[in-house]
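Worksheet: the structure to be examined is printed underneath.
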Number of protein chains: 2
Amino acid sequence: MQEISKAAWIWYPGDFELWLHKEVSIRRDERGSVIPPFWRLDSHTANVKFRKDYDLEQEEEVSLYVEGVYNIALDSRYIYGNPETFTLPAGKHHLIISVFAETVVPAIFLQGKTLSTDNTWTVSTNNHKSPQAASWIFDTPTYKPSTYRLATEEIRPLTVEKLSHTATLLDFGKETFGYVQFHELQGSGKVSLYYGESREEALATEQCETLDEVHLAEKSASQNSDSDSDSNSDSVSNSNANLFTVPNSRAFRYVQIVAEETLQIGDMTALYEYLPVNYRGRFRCSDERINTIWDTSLYTMHLTTREFFLDGIKRDRWVWSGDAYQSFLMNYYTFFDNDVCRRTLTVLRGKDPVETHINHILDYSFYWILGLYDYYLYTGDLAFVQKNADKVHTLLDFCIGRTNEEGFMEGYKDDWVFVDWSEIDNRGEVCFEQILFCRSLEIGSYFAGLFQNPELAQNYEERARQLKERIFSVFWNDEAGGLVHSRYEGKLNNHVTKYANMFAMSFGYLDEQRYESVKHKVMLNDAVQPITTPYMRFYELASLCEVGDISWVLEEIRSYWGGMLDLGATSFWETFDPTQSGVQHYDMYGRPFAKSLCHAWGASPLYLAGKHVLGIRPLTPGYETYLIEPQLGDLNWFEGAVPLPDGDIELHVSKEHIKVTAGSGTGLLRFQSATEPTADHGNIEAKGNHLYELTVLPNIVYNVRYESN
Amino acid sequence: MQEISKAAWIWYPGDFELWLHKEVSIRRDERGSVIPPFWRLDSHTANVKFRKDYDLEQEEEVSLYVEGVYNIALDSRYIYGNPETFTLPAGKHHLIISVFAETVVPAIFLQGKTLSTDNTWTVSTNNHKSPQAASWIFDTPTYKPSTYRLATEEIRPLTVEKLSHTATLLDFGKETFGYVQFHELQGSGKVSLYYGESREEALATEQCETLDEVHLAEKSASQNSDSDSDSNSDSVSNSNANLFTVPNSRAFRYVQIVAEETLQIGDMTALYEYLPVNYRGRFRCSDERINTIWDTSLYTMHLTTREFFLDGIKRDRWVWSGDAYQSFLMNYYTFFDNDVCRRTLTVLRGKDPVETHINHILDYSFYWILGLYDYYLYTGDLAFVQKNADKVHTLLDFCIGRTNEEGFMEGYKDDWVFVDWSEIDNRGEVCFEQILFCRSLEIGSYFAGLFQNPELAQNYEERARQLKERIFSVFWNDEAGGLVHSRYEGKLNNHVTKYANMFAMSFGYLDEQRYESVKHKVMLNDAVQPITTPYMRFYELASLCEVGDISWVLEEIRSYWGGMLDLGATSFWETFDPTQSGVQHYDMYGRPFAKSLCHAWGASPLYLAGKHVLGIRPLTPGYETYLIEPQLGDLNWFEGAVPLPDGDIELHVSKEHIKVTAGSGTGLLRFQSATEPTADHGNIEAKGNHLYELTVLPNIVYNVRYESN
């Protein structure tokens, strides 16, 4: 066999992500009713042209595989008949392959001895733009983009409980996701499946959120089983005789199977479906309860980290910007899977024109910009940010076009001003939104500066500066010692909430005096309306870590997340109210089992542990420089790892000893010691007030002896 | 059976047109290679929500049919199980049906006793806009939008010529379009079809532009014939035993059929496919050659008037703005089919954002705006214009964003500055483009004024005024007596061409002195570069009619269009050069049979006859007022009809007698008479210089006696 160059399936950048997002987004259903998202669902562009200008020393035979209908034009002449194999003449020529495809992404795979599809090809959606073609893991003619599926592996129920002569309850022992499989079918008949994240839900055939009904029949060895379900059935293997795989993927721990008596089912298992990731971030500490919470958080995070970062695996199974923003941050301390970040950022923003806020939520437009900034800060991937630079611009312009005379943003009719699930009045100018808007403008300015657009950078910067001034002149209340919640029809709502204050704090918008005021009068003040959702507790607890209250935060983690574990949770929930009991916990939106028991934002201990206990964060993009500022709190010791783009940081901290090593970049280890510390490498600098710093260079094991305060 | 309200399939406005356009656009192929257009091909939005707020006196059972996957929500609660029939409770409620569909248009048909899908429903693509739902002719559950097909009827070849023992040549007697059918199949084997608009093309198996290959086998009465072709095959009936319909629609007069000896074919016919239209415009005159030209033009026009106005039926089978602009004008004097106008205007403009000019051609953006104006002027359909008001705005803004410091537009890299197929230098600032741009700004201003946007109207008007001033200050050349062609890199190209001049003339941009100068020094000056394409002859001959040279124009029609008839044309061609001979006529783009022999722009005598011989044109939108200014030229008499939105104008003109009647509006009959004319109704007003005017009111037969000059 002749040696050939490495080829990949190529497509228009972003098309694969948009197509996959559309596929994923319509997999949500509720008792058989498909629930498409209520936002515009952009997909790929059907009509594209791939181009390669080549210069071959010798003529070369190439093979071409295409997803879609197509033509081949060499030097603007069609090669009729669409031959799978054809010869490219030697010399300088240009090859254009035009592809049209609606339900799959237009894509090509061409392979010759020296010339193959790769990122030296350009591609256009016939819009006068010809970026480099995109590719990913698809590297053989039959491994087409349209065949993309997550990985699966067989799992078995922990217990199989006979409920009646037709009904069986499977318990897989923990929350999971995948496809139920029936083995050794005999006879034929109808099977109903009632899924439950709780046992109660699986038993409630009239109220469980998800169910399936399939008609099965035993088959001869050469036959497929007879099924009236058609979707997705090629996504899983049905090749074994008398094995049937339910075509729909579901979230469940329990499944109640009700089969007609005319059908006998042998073994019942499931295919667990997951995104293969590396477990790079690690955390262990002297408190086993916190370790269990961290493990359960990681499992929750992995279940919701799929084709994209989903909010929850039972519901909504959608990509929400506010939810994804937290997943991004947790990912940087766990999987460091930047592919899923890019996929998620790409599909959240979708295509122009911007007609609505992302997910129709005002705050969620800003989280997208914040998320893109963090992506750059943690990964250093400038190329991806550059690809999105215009989209930052058009999104910000959409926002600017909706500011009022004072430069504030208010919710328009049909906009959802979310902030948080709680009793708050979000009419008018909500301070929290202005803080996020201001930060988004600053990021827009920073990006514009990176990409040689000083005029735009200056414009956004000036706008941000003015906005920040106005925010403090309008919303700051000296008496309350913080920012008030909102102004509606010219009247300030003097209610102080934590939302704007904690974000202003984390964005560095508070001078020292205001910082102290917000810390004591807002964040640590029990009289201020408490935050009750895990969603906003993410930021609240992070803020409390920032203000140095790590022991209080650890205690909160033990009681709130530990509270779910005490109720048997195997993954963390969408909401948790410790005052409820029994099936009350599963109720939401007026439906008894609507609550998601595996929700990404429930996994925030991952972020708190990585950023605030291990205390590791990048200072410049891609961890070129970074900070390590560990906080023991009430722990005796902890250890863990945080992934860098190139290598990891390994850290062990006890009350007397800090051990650290890093794979790349230049770190600054900052710690407090009651006595003069020592290190076996580098120089420890005293910063006053028991504070010390040590510069951490790559691939050196630093052992520091110190005395914890 | 209970009486039920009238229901229609409904969808998001524009979606059906975009979907159909995409389907039609990818039907072009060249010897088996599909040729998608080289512009962005927008399609429908997959994810939509239909909404009805209702108030029922009694509960009501309704039936629901949907194209796509969907859910039903009554007062925000899902009705699980998607029942085909369900009961709506009495009282005030809201019903939302969410539909997702990719390859067909998301559409619903709901029917109850009093409540049905109609244009009282709103629909959203989840973009915060909720326009009235659109509907058309689809009014039963099974007559779904996705089943839309043009009409067909069987036609038979005029001659069947046996070329060899395997090859047969069918001649259908004239240019046509449709699907070949084989009857009484026996045996099995491969059949090749070589289509020809000329006999030579059908015989040239290696060079003809279109061909098909099908594998056929006789079948039992209950079986369909075996075919490896899958596309479109459900578009035509294959229900007869041993009848096979070729799935691809083709343009042809001749078809060479080559069948393997193992297959016997009986009768060979075709299904002529056409858009059902009314032949409302009529024209007859004392010159039979001109009558034949008019009839052949009408047939050409009908063949290219299909789902949309196509350029040509063999090639390109695409929707081009410049070509369609002329079809619009011809349509107003023939079919007055406003559905096809709206469909064409909708798909040409597509969706925002505007990334390129329409069809990638600078001029073609302007023709779209001009075409929308004409549509309003001829039909008075303000609602459609209003639906497109934002799109006029965004297209003009795109153009304005590409003006240079002097406010002129130049072709950007990748823009096609077309003007005409001829030897002209279109680099830099082309005067013709500025004239069209100026007119487009004026139209933009007019529309903005209609829709209560005085600020925008003022902005466009001022911009147009300044542009017009600059056009004349830069491009007008007193010596040459007209506008010069262009300026490139600051240097005027003093070459005078007719393009800018004839459009400036027709837009009323020339004062009396310049008008006379352009008339004599440009339009009637043989030294000026002649226009040779039927495309631009459309405007040239119309201009010459305007300047009163109707006899010269009639002579041109006789020789140029008559020249094609003399060569056996049964429809008019894309181009015609009388100096060529034989198969030279069929050559184009370096391919021997690439020329389209049925091209819409070849039908311009329809427009010249209606607007300039019958002399009928609207003065205010929808023919509320209109002008009739007949020109006999060298004809002894003519008669004809021009459609109005409500009724027709019937006109008969001889040298002594004018007879006119109109169905609606207020007309002004203007004519010259050497002697004092008389009329049996109304008052004839003398306007001086032998010019007379008579006001024409609806439904009165006016007989005018006069003496032609």
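Coordinate-derived values only; no laboratory data. Just so it is clear, the model here is predicted, and its values are computed rather than measured. Because the Cβ atoms are built from the backbone with ideal geometry, glycine has one as well, and the counts that use them run over all protein chains shown.
If each DSSP helix of 4+ residues adds -39,500 (n - 2.57) and the sum is divided by the residues in the protein assembly as shown, what number results at 222 nm, nearest 500 deg cm²/dmol? Present the calculation step by step, with values, prior to reporting the outcome.
On the way: 28 runs with 360 residues, N = 1418.
That calculation yields -8000 deg cm²/dmol at 222 nm.
How much net charge surrounds B:Glu676 when only other residues with a Cβ under 11 Å from its Cβ are counted (Lys, Arg +1; Asp, Glu -1)? Could you put the intermediate results ahead of the total?
On the way: positive: B:Arg705; negative: B:Glu707.
Counting the neighbours of B:Glu676, the net charge comes to 0.
Based on the Cα gyration tensor of segment B:616-705, what are the three equivalent ellipsoid semi-axes, each the root of five times an eigenvalue, rounded to whole Å and given largest first?
Working: eigenvalues 81, 41, 29 Å².
Gyration-tensor ellipsoid for segment B:616-705: 20, 14, 12 Å.
Could you go through segment A:278-287 in sequence order and give the Karplus-derived ³J(HN,Hα) for each residue, using 6.51 cos²θ - 1.76 cosθ + 1.60 with θ = phi - 60°, rounded to whole Hz, and x for Gly and Pro?
Once rounded to whole Hz, the list reads 9, 8, 8, x, 9, 7, 9, 9, 6, 10.
Taking the Cβ of each residue in A:Glu153, A:Glu423 as the centre, tally the other Cβ atoms inside 10 Å and list the residues starting with the fewest.
Values: A:Glu153 10, A:Glu423 7.
Sorted ascending by nearby Cβ count, the order is A:Glu423, A:Glu153.
Determine the sum of side-chain charges near A:Tyr488: Lys and Arg each +1, Asp and Glu each -1, restricted to other residues whose C-beta is under 10 angstrom from that of A:Tyr488.
Net charge around A:Tyr488: -1.
Counting Lys and Arg as +1 and Asp and Glu as -1, each charge on the Cβ, what is the dipole of the protein assembly as shown about the Cα centre in debye, to the nearest 20? Don't jump to the answer; show the numbers that get you there.
On the way: 124 positive and 202 negative charges, 120 e Å.
That gives a dipole near 580 debye.
With a ≥ b ≥ c taken as the square roots of the eigenvalues of the C-alpha gyration tensor of segment B:15-146, please select rounded if a/c is under 1.5 and otherwise prolate if a/b is larger than b/c or oblate if it is not?
Working: a/c = 2.67, a/b = 2.30, b/c = 1.16.
Here segment B:15-146 falls in the prolate category.
Using only the Cα atoms of segment A:431-572, what semi-axes does the equivalent ellipsoid have when each is the square root of 5 times a gyration tensor eigenvalue? Give whole Å, largest first.
Those come to 31, 20, 14 Å.
Label position 7 Å from Cα toward Cβ: report the copy-to-copy distances for B:Phe472 in nm, one decimal, ordered from shortest.
Shortest to longest, the spacings are 5.9 nm.
Could you give the dipole magnitude of segment B:616-705 about its Cα centre, charging the beta-carbon of Lys and Arg +1 and that of Asp and Glu -1, in debye to the nearest 20?
It comes to approximately 140 debye.
At 7 Å along the Cα-to-beta-carbon direction for both B:Gln584 and B:Gln452, put a label point, then send me their distance in nm to one decimal.
6.3
Between copies, how close do the A:Arg705 label points come, placed 7 Å along Cα→Cβ, listed in nm from shortest?
Listed shortest first, these distances are 13.3 nm.
Over the Cα atoms of the protein assembly as shown, what is the Rg over Rh ratio if Rh follows Kirkwood?
Details: Rg = 36.8 Å, Rh = 36.4 Å.
Rounded to two decimals, Rg over Rh is 1.01.
Among the DSSP beta bridges whose two residues both lie in chain B, what percent are antiparallel, rounded to the nearest 5?
Around 95 percent of the beta bridges assigned by DSSP in chain B are antiparallel ones.
Taking a cut-off of 20 Å between Cα atoms, list the lysines near A:Lys162, but don't count ones fewer than 8 places away on the same chain.
Partners within reach: A:Lys174, A:Lys190.
Taking amide H positions as placed 1.01 Å from N in the peptide plane, with prolines and chain starts having none, which residues 5 or more places from B:Gly482, or on another chain, fall under 5 Å of its amide H?
B:Asn477
Using mean Cβ contacts within 10 Å as the protection proxy, how do A:29-35, A:309-315 order, highest first? Present the calculation step by step, with values, prior to reporting the outcome.
Numbers: A:29-35: 17.9, A:309-315: 26.4.
Highest-to-lowest ranking by the protection proxy: A:309-315, A:29-35.
Shielding by partners for B:76-82, please: the mean number of other protein chain Cβ atoms within 10 Å of each residue's Cβ. Write out the running numbers ahead of the final one.
On the way: counts 1, 2, 7, 1, 6, 3, 3.
Partner-chain Cβ atoms within 10 Å, mean over residues of B:76-82: 3.
Report the percentage of all Cα-Cα pairs in segment A:322-395 whose separation exceeds 19 Å, rounded to a whole percent.
Numbers: 748 of 2701 pairs.
Summing the P(r) of segment A:322-395 above 19 Å gives 28 percent of all pairs.
Determine the dipole magnitude for segment B:304-437: charges of +1 sit on the beta-carbon of Lys and Arg, -1 on that of Asp and Glu, nothing else is charged, the reference point is the Cα centre, and the result goes in debye to the nearest 20.
Values: 13 positive and 23 negative charges, 137 e Å.
With only Lys, Arg, Asp and Glu charged at Cβ, the dipole is about 660 debye.
Quick check on the exposure proxy: order B:Thr85, A:Thr269, A:Thr497 from fewest to most C-beta atoms within 10 angstrom. Write down the numbers at each step before the final one.
Numbers: B:Thr85 10, A:Thr269 19, A:Thr497 27.
Ordered by Cβ neighbours within 10 Å, fewest first: B:Thr85, A:Thr269, A:Thr497.
Cα to Cα, under 27 Å, and not fewer than 8 places away if on the same chain: which lysines meet these conditions relative to B:Lys687?
Leaving aside lysines fewer than 8 places away in the same chain, those within reach of B:Lys687 are B:Lys519, B:Lys611, B:Lys655, B:Lys659.
Summarise the partner chain shielding of B:126-136 as one whole number: the mean count of Cβ atoms from other chains within 10 Å of each residue's Cβ.
Per residue, the number of nearby Cβ atoms from other chains is 3 on average.
Check segment A:15-146 and count each lysine pair with an alpha-carbon distance under 19 angstrom, considering only pairs eight or more places apart or from different chains. The partial results should precede the final answer.
On the way: A:Lys22/A:Lys144; A:Lys49/A:Lys129; A:Lys49/A:Lys144; A:Lys52/A:Lys92; A:Lys52/A:Lys113; A:Lys52/A:Lys129; A:Lys92/A:Lys113.
Eligible lysine pairs with Cα atoms under 19 Å apart amount to 7.
Which residue in chain B puts its Cβ closest to the axis that rotates chain B onto chain A, and at what distance in whole Å?
That would be B:Pro353, 2.
What is the distance in Å between the Cα centres of segment B:563-620 and segment A:98-159?
46
In peptide A:29-35, how many Cβ atoms from other protein chains are near each Cβ within 10 Å, on average? Working shown, then result.
Values: counts 4, 3, 3, 5, 11, 9, 5.
Per residue, the average neighbour count from other chains is 6.
Could you sort the peptides B:365-372, B:125-132 by per-residue average Cβ neighbour count (10 Å cutoff), highest mean leading? Mind showing how you got there, number by number?
Values: B:365-372: 26.0, B:125-132: 16.8.
Taking the mean over residues of other Cβ atoms within 10 Å, the ranking is B:365-372, B:125-132.
What gaps in nm, shortest first, separate A:Thr403 from its twins in the other copies when you place the label 7 Å past Cα toward the beta carbon?
Ordered by distance, the counterparts are at 2.7 nm.
Can you work out the FRET efficiency for the pair B:Leu697 and B:Ile155, with r the C-beta to C-beta distance and R0 = 45 Å, to the nearest 0.05? Spell out each step's value before the answer.
Working: r = 44 Å, r/R0 = 0.99.
After rounding, the FRET efficiency stands at 0.50.
With the convex hull built on the Cα atoms of chain A, state its orientation-averaged projected area in nm². Before the final figure, lay out the partial values.
Values: hull surface 142.4 nm².
About 35.6 nm², averaged over all directions.
³J(HN,Hα) across segment A:449-454 via Karplus (A = 6.51, B = -1.76, C = 1.60, θ = phi - 60°), whole Hz, x for Gly/Pro?
So the J values, rounded to whole Hz, are x, 4, 10, 6, 10, x.
Using the 2.2 N^0.38 Å rule of thumb for compact globular proteins, work out how segment B:262-306 stacks up: its C-alpha Rg over that value, please.
Values: Rg = 16.6 Å, N = 45, 2.2 N^0.38 = 9.3 Å.
In units of the globular-protein estimate, segment B:262-306 measures up at 1.78.
Please give every one of the lysines within straight-line cross-link reach of A:Lys491, meaning a C-alpha to C-alpha distance under 24 Å, and leave out same-chain neighbours fewer than 8 residues apart.
Straight-distance partners of A:Lys491: A:Lys413, A:Lys468, A:Lys521.
Can you work out ³J(HN,Hα) from phi for every residue in segment A:63-72, in order, using Karplus 6.51 cos²θ - 1.76 cosθ + 1.60 and θ = phi - 60°, giving whole Hz and x for Gly and Pro?
Listing the rounded values in order: 10, 10, 10, 9, 9, x, 8, 7, 9, 10 Hz.
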